[in-house]
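See below for the structure under consideration.
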Amino acid sequence: MVEKVVKFIGRDVIEENRKKAEGLRRLYDEAGVAVLEFLGGPGSGKTTLIERLVERMLKDFRPQEIGYIGGDVATTLDTERIARYGVRHVQINTGGTCHLEVPHVEAAIKALGGVDALKQLKVLIIENVGNIICPFNFPLGAHARIMVADVAEGEDKFIKHPLSTRVSDIIVINKVDLAEPIGININKMIEDAKRLNPRAPIFLVSAKTGEGLEELYQHLLGVINSSRKG
Amino acid sequence: MHETSIALSILAAVEDAFKETPGAKRVTRIRLQVGMLSLVDPEALRFALKVVSRDTPAENAEIEIEMVKPRFRCLKCGYEWEPSDEDIERISSDPQLSTLVHINPDVLASYLTCPRCGSNEVDIVRGKGVIVHSIDIEVDEGGGQGEQEQMKENSRPPGGA
């Protein structure tokens, strides 16, 4: 009596996961939306920086053309802050996972209204879970991955996290107004980041004082425009 | 590194196959082929898979893991070769190189040269992935086509009908 069936599967799950991120990018390009992903340690100032950037964006874009997906273990606090600007928004709570993955973003896009909703957007901001390591390992198909590291995290941030630094497209050193009172050598941080990642532009900003924001915004605007053309 | 994420993907592939099988009761064995360039720790993967498969049809399945050696092919002259055990040890124990390879094994290809023609254009043809090869499924005594034919066979008296 046959009690057992041997079922051949032959699926490479690593390859499948890698293809999923590529699938997301194809979706964004199909919808004509530029996707900017913000990554960085908890408290590095990602959300505050995004608030400042959205404020600036609203001079060039309408609120309904901007989307925001916030990733956090818990709470909707970050998304509530960005929602105040009238942009399309959705919060993902991972419930414990330290990073966003493709299925999270797929669910968020569905909640926003799917491809049709994406088509209405010119730019979509994804704010990953506050974590300087794991999110960098899980691409979400973004046109630009922006690493946010603040001076209060210490001068050694970049050399201690070479992979995160290497895979980023844009590097932002935030809270530069604190460098002097704390005694942080920003030049050392810049050197380290440049050595690890020669191609990523580095921006020194303070989301609080506004220092460096316009230069960062102009660069992001360039990314948005060229991503939407391609 | 992130063996839990991989375990969840394996479980999804296993559950897809399980659902396609008529009369399936439970999964008794999962055969995995783990490429050495995936730098996945097989024991961490085994543990993660055991944990995530609790309360699923794959709970308590035997997990068989075969480690697959990488195989490279020169895109210029077509020569194929496998690295020595020493090469593999060197890659896995170098923290920067092993992390880069883990995220994108194709990065390794840029460090390789063809032993025959010296070209830098090398492709990795095997050893990057984690393949869910096959599973053994315990099926319901009443289910499955092949199974019913087997029952007819057994019920025929010896010497023919």
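Brief remarks follow.
- Helix A:186-196 axis versus longest C-alpha principal axis of chain A: approximately 30°, rounded to the nearest ten.
- Site pair residue A:115 and residue A:191 shows an inter-label distance of 5.1 nm when each label is modelled 7 Å from Cα along Cα→Cβ.
- 15 Å cut-off, amide nitrogen to a point 7 angstrom out along residue A:160 Cα→Cβ, residues in the range A:172-208: A:184-185, A:189, A:193
- Phi angles of the range A:39-53 translate, via the Karplus equation with coefficients 6.51, -1.76, 1.60 and θ = phi - 60°, into HN-Hα couplings of 10, x, x, x, x, 6, x, 4, 5, 4, 4, 5, 4, 4, 5 Hz per residue; Gly and Pro are given as x.
- Here the mean projected area of the convex hull built on the C-alpha positions of the protein assembly as shown is 25.6 nm².
- A convex hull fitted around the alpha carbon atoms of the range A:18-229 yields 110 Å³ per residue.
- Cα point-scatterer Debye curve for the range A:98-187, base-10 log of I(q)/I(0) at q = 0.20 Å⁻¹: -0.98
- For the segment B:9-22, counting C-beta atoms of other chains within 10 Å of every residue's C-beta and taking the mean gives 3.
- Among the listed pairs A:20/B:50; A:46/A:175; A:110/B:50, those whose Cα-Cα separation exceeds 20 Å are A:20/B:50; A:110/B:50.
- Between helix A:213-229 and chain A there is an angle of about 30 degrees, using the helix long axis and the longest principal axis of the Cα atoms.
- Calculated P(r) of the range B:3-140 - Cα pairs past 22 Å, %: 46
- The range A:45-103 - charge dipole about Cα centre, Lys and Arg +1 at Cβ, Asp and Glu -1, debye rounded to 20: 240
- Between the range B:1-56 and the range A:184-230, the C-alpha centres lie 41 angstrom from each other.
Each reported figure results from applying straightforward, stated rules to the coordinates on display, with no laboratory input. Please read these numbers as outputs of a predicted model, since none were measured by experiment. No Cβ is skipped: glycine too gets one built from the backbone with ideal geometry, and neighbour counts run over all protein chains shown.
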